[in-house]
Structure formats: C-alpha cells, structure tokens
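Visitor: Before I ask anything, let me first share the structure, which is written out below as structure tokens.
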Amino acid sequence: MAPMTTLKGEKFDRTLFESVLKRRFFFTESFEIYRLSPNFKGDNRGLFDYGPPGCALQANIVDAWRKHFVLEENMLEVDCTVITPELVLKTSGHVDKFADWMCKDPVKGEYLRADHLVESVLESRLARGLNGPSKDSPKLDEANIAEYNDILAKIDNYDGPELAELIRRFDIRNPDGNGEVLPPIPFNLMFKSTIGPSAAAPVYLRPETAQGQFLNFRKLLEYNQGAMPFASASIGKSYRNEISPRSGLLRVREFLMAEIEHYVDPTQKKHERFFEVLAIELPLLDRETQLAGKTTPRTITVEQAVKSKTVGNETLGYFLARVLLFLLKLGVDPGKVRFRQHLANEMAHYATDCWDAELLTSYGWIECVGCADRSAYDLTVHSKYTGTPLVVKQALHEPVKVEEWQATLDKKLVGPRFKRNAKTIQASVDALDQSSLETLAAQLREKGSVVINTPALSDGKTSVELSSELLKIEKTTRLQTIREYTPNVIEPSFGIGRILYSLLEQVYWHRPNDTARAVLSLPLGVAPTKVLIVPLSSQPQFAPIVRRLSVRLRNLGISNNVDSSSASIGKRYARNDEIGTPLGITIDFDTVKDGSLTLRERDTTAQVRALEDDIVGAVKALVDGAEAWEQVCQRLPAFTGRDQDD
C-alpha cells in the first residue's frame with residue numbers, strides 16, 4: 001500500500017496532524033485529568049470528547065446525511081432507546097454471535113484482538129524486512145513477501161482456529177514485550193447491565209440502532225399506509241466493548257451511528273430511482289479479487305456491477321452509488337475511497353452480502369460505511385419468537401390458487417387447558433412458516449403430539465406440547481387474493497466518527513515549506529465555522545460594523561466567528577485555517593470610510609473587495625452552493641492591496 005499523503009501530495013505526518021486536532025480541541029481523551037492522576041486505575045481507552053470544532057463538524061456531517069438520505073429519499077426517521085432487553089438481542093443473534101477473536105498475553109495480562117495482532121506483526125515484518133536484514137528481522141525473500149501479502153489481503157476471512165494456526169506458524173507475539181500469546185477465544189462486544197434494584201432484568205447497551213427499527217416495522221408500515229418499498233432511518237449512539245481500542249477515533253467504545261433500513265420485496269429488489277445512478281463509477285474490491293491476494297479495486301459503473309451480479313441487486317447498487325456521492329459531497333478524496341466486499345468468514349450472522357465503503361488514512365483502509373443485504377433475517381426471527389407477524393400484505397390483481405399447510409388449534413379445548421397462556425400459544429402457532437408446518441405435520445402423524453417453541457409462559461417454560469386432539473395441521477388449497485411476505489432489508493450503516501476523522505486526514509495539508517501552517521480544506525457545507533470576521537483595529541468605530549456584519553450573517557444561518565485579538569491578521573487567518581474556516585472578511589479603515597470589505601478564500605488565499613451587500617451576497621451564494629469561488633472572482637474586483645496573510 002502506498003504511504004498516506006496530504007491533500008497536496010506531501011508525506012503525511014500523523015503526529016503533526018493529530019497535534020493540530022488536539023491543540024484546536026477537535027477532540028480529547030475522556031477523563032484526561034483523571035487519567036494523568038497517579039491514583040487513576042480505570043481504562044478510558046476508546047472514549048473521547050469532542051470540542052467545539054469537532055461538535056460543529058459532526059453536527060454538519062449529520063445534517064448533510066439527513067438532507068442527502070432522509071429528506072431526499074423521504075425516509076421515516078425514528079429515535080429508539082439505547083437500553084435493550086437481553087431477550088431482544090438473544091433473538092437477533094447478538095448475544096451468541098456478536099464477538100471478535102481475542103488473545104491474551106499471560107505475562108503482561110494484556111488482551112489483544114487476534115486479527116489485528118497478526119496484521120500489525122506481519123506488516124511490521126514486511127516494513128523492516130524489505131529494508132534489508134537486521135538482527136531482529138532478516139531480509140524477506142520473494143516467497144515470504146508474497147505469503148505475507150496474501151495473508152494480509154485475506155485477514156478478515158480468518159476465523160479463530162485459523163488465526164491460532166497463523167500465530168503458531170509465524171511465531172507471532174505481543175509487540176509490547178515480545179511475549180507469547182494464548183490461542184484466540186471469542187469475546188462478546190456488548191456492554192451488559194441490569195434494570196431495577198433487584199438486578200433481575202438483564203439488558204445491554206445496543207451495538208447498533210437497527211433492532212429498534214425492526215421492532216417498530218409494523219408501526220412504520222402502517223404510518224406509510226402499507227406502501228412498499230420504504231425506508232426507516234435512525235441516528236444515535238451505539239456501544240461496543242472493544243478488546244483493545246486503538247487508532248484514536250477510529251476504534252472507540254461509544255460512537256454515533258446513522259443507519260438506514262430499506263425494506264424491499266424479496267422477489268424483486270429493484271429501486272425506482274436506479275436509472276439515476278447507472279453511469280456512476282464505483283471502485284469495487286470484490287471477494288474474488290481479495291481471495292486472489294490482490295488489493296487493487298476495479299472501477300465499473302453501477303449498471304455493469306448489477307448486471308454482472310458483482311453487486312447482488314439494484315437496491316444495493318443504488319445505495320452504494322448514493323453513499324459514494326455523499327462521501328464526495330463531504331470532501332472525501334475520490335482517489336482515497338473504495339468499496340470492499342466482505343469475505344465469507346467476516347460476514348455478520350444476519351447478512352447475505354455486504355460491501356464496506358473504506359477511506360484511506362494513515363492507519364490504512366478504514367471501514368466507514370457498511371452496506372449489507374440483511375435478507376429477511378431480523379424480521380423473521382423477531383416475528384417467530386414473539387408470534388407477531390412482521391409482514392406486508394399486498395392485494396393481488398387476480399386471485400391465484402395456493403396449496404399450503406394450515407395449522408388449527410381447537411380453541412374450546414386450548415382455552416380451558418392453558419388459560420392465560422392460550423393467546424401466546426395461538427400466536428406462536430400462527431407464526432410458524434410453511435417449512436416448519438410440514439415438518440410438524442409429519443411428527444404429529446407419527447407421534448400424536450409436537451412441541452412448539454413459545455415466548456416465556458406463566459410457568460417460565462418456553463415451549464409447549466400439543467397433541468393431535470388440540471392441534472391439526474393439514475394441507476389445504478385456497479384462492480389467494482392477498483399476497484403476504486416478509487420484506488428483505490438493505491442496510492447502509494454509517495460510522496459518523498470514523499467518517500469525521502478520515503475526512504480530516506484527507507483534507508489536511510500545510511502551506512508550502514511551512515509545516516507549522518496547517519490547513520484543513522473542509523468544504524463550506526461541513527466546515528465548523530463558515531466565516532471569520534477580522535477587524536484590523538480595536539478602535540471604537542470598528543465595533544458597530546463588526547456587530548452588524550456578524551448578526552447579518554447569523555440571520556442568514558451562516559456561522560461566523562470574530563477574532564479581534566492583537567495578533568497580526570496573518571496569524572489570525574492561519575489559526576482559523578487550522579480549523580477549516582473557508583472564508584474570511586476583513587474590516588479595515590477603508591470600511592469605515594466607504595463601507596467596502598475584503599473577502600478571503602482559505603485554500604488559495606485570494607481576495608476580492610466590494611461593498612458590504614455584495615460581499616454578504618457572495619458569502620450566501622458560496623454557502624448555498626449557488627456559486628463557486630472562481631465565479632465570485634469573475635464578478636467582484638480582486639483585492640490588490642497588501643498581502644493580509646503576512
């Protein structure tokens with residue numbers, strides 16, 4: 001992989017970059033003053049607080065997301081609780097399957113994520129070995145290099161036993177102390193707690209916002225007047241108990257997610273707006289390419305990707321295109337984004353296919369958006385467990401003859417025998433699918449009774465035995481006027497913090513021959529502050545002009561900041577370039593005389609001068625996207641006075 005570069009192509013210095021972000025309070029480690037205390041014994045890794053520019057940037061990214069997806073696609077937004085009963089996440093599979101493989105260094109007592117351990121050690125050996133032999137790392141031959149690169153290309157496809165074999169075969173040890181590690185074991189990533197003083201009701205902090213959306217499917221469908229397809233959306237915090245958080249904001253334990261659940265007919269996963277994205281080119285790193293040990297994506301149009309079945313269906317292809325357009329709108333470098341298809345072993349338990357939008361950073365390629373085809377998994381398991389039909393009912397134009405298994409309970413016998421459990425048992429029988437009914441019909445004929453799984457009954461049991469006297473399962477033929485089906489779900493899931501950090505790396509650069517003058521070339525749409533107002537003097541006649549201009553911009557919805565410090569105007573602009581402020585307005589003595597102002601653009605430092613109304617109008621047009629800076633320069637006079645950046 002080529003080394004990370006700044007926006008202008010210089011070598012990327014992460015230490016210098018992160019010092020700018022922390023100094024300008026984009027973010028900081030949580031509980032920092034306690035962490036520095038000698039008495040602090042806690043673990044605050046993977047926990048961060050955002051400062052003013054970080055909060056503003058995050059809010060602007062979320063606002064752009066809402067406009068690009070929720071408003072543009074007419075999605076139904078919901079806000080669901082973080083605290084989730086254990087039963088919900090047991091049913092969804094997260095309690096049993098939401099885990100990473102973990103190794104322990106028994107000497108140091110440290111826990112390490114197994115795939116990250118293998119990855120970091122092999123990458124380190126490659127970097128050292130390619131530079132020639134040393135005491136600790138002999139020069140690698142071509143076979144070693146090819147083998148290491150092949151493993152790294154497929155690192156996400158290894159499960160626990162395979163990672164254990166790699167650790168044994170390559171003698172991979174803890175880089176911090178070179179100690180041997182124990183074989184990998186699974187570690188569930190969810191935070192567990194309880195509700196109430198009795199601690200009898202176990203709960204988890206949600207690892208994703210999706211489950212709340214699925215559980216509200218019936219209400220959402222009703223709100224949408226039964227029309228399909230449609231999408232729900234949710235923005236909120238999620239929590240994952242990472243084994244060994246690293247990479248700053250990229251791997252944290254508390255993070256903001258923005259997720260979409262697009263519900264589609266499983267027989268035709270088409271999208272009515274697919275024609276709009278046909279020609280958009282996607283950089284795709286598909287499964288076959290990765291298994292061949294390669295990491296270079298191929299660029300094909302969305303239309304070609306769907307036709308060739310590289311991407312499974314129109315709706316998934318549509319959202320890959322829309323995700324790309326969104327990232328580019330934020331300011332992501334087109335050459336530093338790709339879509340990587342999940343390998344078989346890394347696929348989430350609920351997914352049939354998944355593509356990650358990855359952004360290139362100094363940490364490598366980082367997953368920022370996951371686009372998964374969750375099929376009907378979630379709605380099916382929740383429906384089956386609760387006995388609540390999470391289905392769509394569609395009127396057919398013409399009746400069709402349907403042969404199906406039908407289960408009938410004798411209510412006259414079931415009611416008196418099971419009393420208050422009767423309704424739960426009825427719901428469980430109603431939720432049985434055709435395959436289950438066929439199997440149960442055979443058992444009923446052979447044994448005279450069957451066992452039906454149910455939610456917890458009054459006696460605590462989660463199943464009930466029903467005899468042929470109580471339950472009949474027969475094959476029937478009927479005319480169907482209503483088609484009933486469980487929708488499939490296409491899910492784009494966005495890690496807002498990862499997007500934020502990766503974007504900052506990609507827009508970072510510094511002025512020529514001056515690494516101390518950092519610049520963040522954030523687009524106007526997401527920049528924390530849009531305009532810097534710089535009065536050249538602190539004399540009293542400047543104050544009313546500054547106030548009037550600031551209020552005028554705020555009334556237009558344009559965030560601005562006034563810097564009336566005694567620093568030189570060049571220093572004032574430079575420190576606002578560091579937080580990505582795109583525009584600057586200078587108020588000088590000529591402003592007092594004739595009402596003219598100077599407007600400066602961050603990246604080029606070019607300036608124009610005009611009357612206040614013209615400058616405010618230009619700022620409004622730039623913020624709204626109605627004009628580009630080049631167009632403003634064509635219609636407003638260039639400022640030819642002294643260089644204000646000196």
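Visitor: Please get the size of the charge dipole for the chain, origin at its Cα centre, with Cβ charges of +1 on Lys and Arg and -1 on Asp and Glu, quoted in debye to the nearest 20.
Guide: Computed charge dipole of the chain: roughly 1280 debye.
Visitor: If you don't mind, another one. Over what distance in Å are the Cα centres of segment 549-596 and segment 1-38 separated?
Guide: Cα centroid to Cα centroid, the span is 27 Å.
Visitor: Additional query: Where the centre of each part is set by its Cα atoms, how far does segment 470-527 sit from segment 188-262, in angstrom?
Guide: Value for the Cα centre distance between the two parts: 14 Å.
Visitor: Sort Asp613, Asp333 by Cβ crowding within 10 Å, fewest neighbours at the top.
Guide: Details: Asp613 11, Asp333 17.
Result, fewest neighbours first: Asp613, Asp333.
Visitor: Output the antiparallel fraction of DSSP beta bridges having both residues in segment 529-635, as a percent to the nearest 5.
Guide: Of those bridges, close to 55 percent are antiparallel.
Visitor: Follow-up. Considering only C-alpha atoms, what is the centroid distance from segment 336-381 to segment 395-440, in Å?
Guide: When both Cα centres are located, 37 Å separates them.
Visitor: Run the dipole for segment 529-635 about the Cα centre, Lys and Arg Cβ at +1, Asp and Glu Cβ at -1, nothing else charged, and hand back the magnitude in debye, nearest 20.
Guide: 340
Visitor: Return Ser435, Ser124, Ser232 ranked ascending by Cβ neighbour count within 10 Å, so the fewest neighbours appear first. Can you show the working numbers first?
Guide: Values: Ser435 9, Ser124 12, Ser232 28.
The fewest-first ordering by Cβ neighbours comes to Ser435, Ser124, Ser232.
Visitor: Using θ = phi - 60° and the Karplus relation 6.51 cos²θ - 1.76 cosθ + 1.60, list the HN-Hα couplings for segment 212-219 in order, rounded to whole Hz, with x at every Gly or Pro.
Guide: x, 5, 5, 5, 9, 4, 4, 5
Visitor: Could you tell me which residue out of Asn555, Ala146, Leu122 lies farthest along the dipole of the chain toward its positive end? Charges go on the beta carbon: Lys and Arg +1, Asp and Glu -1, centred on the Cα centre.
Guide: Ranked along the dipole, the leading option is Asn555.
Visitor: What do you get for trypsin sites (Lys or Arg not before Pro) in segment 287-380 restricted to DSSP loop and a cutoff of at most 13 other Cβ within 10 Å of the site's Cβ? Show your work: numbers first, answer last.
Guide: Values: sites: Arg287, Lys294, Arg298, Lys307, Lys309, Arg322, Lys329, Lys336, Arg338, Arg340, Arg374; in loops: Lys294, Lys309.
Those satisfying the criteria are Lys309.
Visitor: Give the order of Asp176, Asp150 when sorted by the count of other beta carbons within 10 angstrom, beginning with the fewest.
Guide: Starting with the residue having the fewest Cβ neighbours, the order is Asp176, Asp150.
Visitor: Moving on to the next point. For the chain, with the dipole built from +1 on Lys and Arg beta-carbon atoms and -1 on Asp and Glu ones, taken about the Cα centre, which of Pro544, Leu583, Ala305 lies farthest toward the positive end?
Guide: Final value for the positive-end residue is Pro544.
Visitor: Explain nothing, just compute: Karplus ³J(HN,Hα) = 6.51 cos²θ - 1.76 cosθ + 1.60, θ = phi - 60°, for every residue of segment 34-46 in order, whole Hz, x for Gly and Pro.
Guide: My calculation for segment 34-46 gives 6, 4, 7, 6, x, 8, 7, 10, x, 10, 9, 5, x Hz in order.
Visitor: Further question on the same structure: Can you list the GluC sites (Glu not before Pro) in segment 227-276 that are in a DSSP coil and have 12 or fewer other beta carbons within 10 angstrom?
Guide: Taking segment 227-276 and a limit of 12 other Cβ atoms within 10 Å, the loop GluC sites (Glu not before Pro) found are Glu272.
Read-outs: derived from the displayed coordinates by stated rules, not from any lab. As the structure is a computational prediction, the values presented were derived from the model and not from experiment. All Cβ positions, even for glycine, are placed from backbone atoms using ideal geometry, and neighbour counts span all protein chains on display.
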